[in-house]
């Protein structure tokens, strides 16, 4: 299993589109599995952050000895998209639908907010992010990494191939853009 | 959705560059670097969002919406006697579920707080149990109640709290678009809960909007005592004993919410009740403005310290939505910022004090946090009485305006006389007087009692008894100002006395150098005008005009006595003189004060009334309309001047035959005067009598009576039993009651009127005689014929002596007397009187009403005589 993923990852680096698809599927499945286990089962679960999940998935999926720095970046990028999809799926399963701002922005800021509202907020962020990507795909990727995958600025820079300074700027711009988009 | 027609890369470049600048320099920078208005708007929106975003998206998606355990695991699970229904929320250390009792004893929904899997470190455990113990101490309507607690079969500690179906306080206020005072009332519930907790030696330490819910029926419930602490005996919470309060822990575990945390909290210093007061300040700040007091952009220790410890939040009124700014400016700004002081010792010392100031603000009382300046107290006093007792506002407005006028006049005089030092002394004296006066409205002084305007004036008057002996002119000016204020309140006797003192004192000065005497004379005459004592007003005004002309032919306040004298002539029917004076006053006012000034409005008003008297209705309409337009643009609604002009307008409509509009206007005036003069006022009395007679003319006596009856007592006590307005008001009431057949009440009223006129006008005045005859008529209808006959006979004697035997009044008295005689079974007396009356009436060639009445009465008497024989 681990070897297979590592192969796929290496293949993806070489530009194999099908390999990328397979990579995504594998990462997605593994992340979802890890995510479920994280809350169901004590044995995995001292980690509650997305970063933790992503890293855990990474360690599970990839034989680190065979993957260079560049490929780790690839993995983060893919994992970020997968995490976005997983979270939005969960949110939708919780009954979140397009309700056009039926949540408070505070749902994205504080911990103690009703779960339904948080789910709505996640869906709204996802939708706004899709709109943002039409104008500026790179900025949208940064949000995916930072928000959905919980990656650090450095990891995000790795995943997107930009400098940390650029990521910081993009992140701040994206937050402002999303904030005014969701606040209106 | 932003559909951009501009270059996104250009936008990004400008945004990034703008962020490098301090916030206050960005607008100017954009002026230079961003000529495209659409792009500019986009950037402004983004920069605003950037400033407001705070911790937006800083919590990663997993923490916000990660798959809840309940989906797979928790729902349906039994924890103690409770079955988990669904997840409600999750916080730093536990998940809160909605659960219900599973033992079937009774249906009860609870919020079940269960420690999270994976975070069961000793420290968290201890804290969790501490919360349970703290909640057990607290039983208060505004605090979510602890119902139960225990350990699950898996060994997890849990507790069940009252399930609050509610919305976080800010969201509640926004959703219902609550006004400032409603928000404050909501907040006072929060304060009450915190006060209770403090009283029980519990500090919450994590007060924030998310922990404060409002139920559907508007009750506030405080939740989450998760990091609350029990105070030690010394009032401190045991600072950082386990490291929980240190900054490191704060950022790692997110146990605190830095935007609402106090400086001493992020510094890891001692936690006291002052910490909660600070947090209450942040909640109030956000509740009132919609913005957080602090924005923590990045959750790094330095950033949090910078935001919380170093940044002083902007005044609430500077950041609130525009609609609320005015209300927040002043008291509320000060209250909020006092709660948010960095140094715990400089905040409100208790929650009671904070709540007390808010309650005082809601009641319009001065707040303790404000500086003790007379301007603040005077402004507060005026605002407090704006609706409840606007007369007080009028009083102080006149007092302050009067003094401002005095000072201004002093300046003019001094420039010409080059006595600058005397002027400065006068200004200082006036200022000190006001400071002393308004200091008395300080709660410290009044011990909770709210002094009324008249109490304040009484005090000012007492002060003046002893003050300023060495500055007689200033003392005279202040006496006149206080007299003016009494007059505005309708306290005529006090006002007259003080005006007399002011005038006497001013006359001792060699010349009326600064116009004090002229102003006092004019003010005093104003009292006489209000009381219709024109013969007393006129000489005062003539003297004032003469003084002003000598002192300064170009005196800008000359129009005041001129105008007042014009009014005297209007009321006494000297219309040519009146019109000439009023036009002169108008010209003066237009020259000195311009077409939009309130002085000019006064002249238009008086001229309008004069034109009405001359039956120049079109001219009156124009002049009154101009006065009203100026008043409305310059004065608050319900200002006495507006009401005065409205009642003049009512007179105009009545003269034009438009009774409906006249009545509507009068009712508007009366309603407003009730608001403005809750304790009564001559002008209110005047409007009431007028409206009453308008109704009576249409036979609506019951309406007229119910309008008038409640007013008599308070006007009698306000103006004194000998006041014209009071006596005339009682006369009207007697007439209405007589018409309604309430003879007993009418008799009592009429006796009071008679006594009043006898005291004030003497036994021979025609009003006294009229009152005697009216009383006789009432007595006659009650069958008290003896007393009726005696009264009428007395009146007849006086009338013959005063006006001769041939006056039409004599004929009327004879007629009434004849009716009594007839009823008393003295038909011959009746016939004799009626024949004399008829002769007088025919000779007097009156309008025929009396003649006809006498003839028909005589006919009836003769008819009955014939039948009897």
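A short reminder: the numbers here are calculations on the coordinates, not readings from a lab. Everything numeric here is computed off the predicted structure, so don't read it as measured data. A quick note on method: Cβ atoms are made from the backbone with ideal geometry, for glycine too, and the neighbour counts reach across all protein chains shown.
Just a few scattered comments:
- Entry note: segment B:783-869 has Rg to Rh equal to 0.98, where both radii use alpha-carbon atoms and Rh is the Kirkwood radius.
- The distance linking segment B:138-158 with segment B:773-832 is 91 Å (Cα centroid to Cα centroid, whole angstrom).
- Cα Rg over Rh - segment B:8-53, Kirkwood: 0.91
- For a modelled paramagnetic label at residue B:842, 7 Å from Cα along Cα-to-Cβ, the residues of segment B:809-832 in reach, with backbone nitrogen under 18 Å, are B:809-812, B:814-815, B:831-832.
- Size check on segment B:684-761: the Cα extents along the three principal axes, sorted descending, read 32, 26, 19 Å.
- Whole-Å distance, taken between Cα centres, linking segment B:661-733 and segment B:472-523: 30
- In terms of its C-alpha gyration tensor, segment B:607-762 has a prolate overall shape, because the principal axis ratio a/c (a ≥ b ≥ c, square roots of the eigenvalues) is not below 1.5 and a/b outweighs b/c.
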